[in-house]
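Only the coordinates and a few stated rules stand behind these numbers; no lab work does. Note that the structure is a prediction, hence the values are computed from the model and not measured. No Cβ is skipped: glycine too gets one built from the backbone with ideal geometry, and neighbour counts run over all protein chains shown.
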Amino acid sequence: MVCVDEFGPLNLMPRRGKAWRPAGSPRRLRATYNRHHGVMHMLAALDLTTGKIHYRIRRRKRHREFLDLLKTLRVRWPDQRLYLVMDNFSPHRHPDVRDWAADHDVELVFLPTYSSWLNWIEAEFAALRYFALNGTDHLTHAEQNAAIASFIRWRNARAQPKTGFATDSPIRTWTHYPAKAA
């Protein structure tokens, strides 16, 4: 099972956040920025069996870019049925995407509306934002993409399978309620 989603837009802007600095010399960020170079978008997939993230950074996030990501996932796992968990974003539901998935043994599992928090990759995006982007002021997309790539390489080197989520939660276990007294 693979969780898929988009992260972005990735603007070239100063991002507030913590950074290691000598005492008494705070880091200064630009007060303003211009969007001369546009924005980028990260399309990513989290493999739950290994815990690794596979991603692409593109200028747009249309169904074509999404389909390109799905094709790379299909190449990565050629001999098994893929279950892709995702939200109801319109490029995910595009007829070309659905037709391709049906022809290539890929099942698209759509989460209910307003429940993207159920997609496990959202937690990974929070870590990416915190560890790779907060407290930065990248001047080029190449510089920002390198920071993202560096974090994902570090993270994937330490990845573990995503199992045992909320094992102690009462929602995962069947509990018997005492019978009501008559």
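To the nearest Å, what is the center-to-center distance of the stretch 70-97 and the stretch 103-126, using C-alpha atoms only?
Cα centres, the stretch 70-97 to the stretch 103-126: 11 Å.
Neighbour counts of other C-beta atoms within 10 Å: give me His104, His63 arranged from fewest to most.
By the 10 Å Cβ count, ascending: His104, His63.
Could you sort the peptides 142-151, 2-11 by per-residue average Cβ neighbour count (10 Å cutoff), highest mean leading?
Highest mean packing first, the order is 2-11, 142-151.
Going Cα to Cα from Lys52, which aspartates and glutamates come in below 12 Å? Please leave out same-chain ones fewer than 8 positions away.
Glu124
Among Val97, Val109, rank each residue by its count of other Cβ atoms within 10 Å, from fewest to most, as a rough exposure measure.
Val109, Val97
Would you kindly compute the Cα radius of gyration of the stretch 45-104 and its largest Cα-Cα separation (Dmax), both in Å?
That works out to 11.5, 31 Å for Rg and Dmax.
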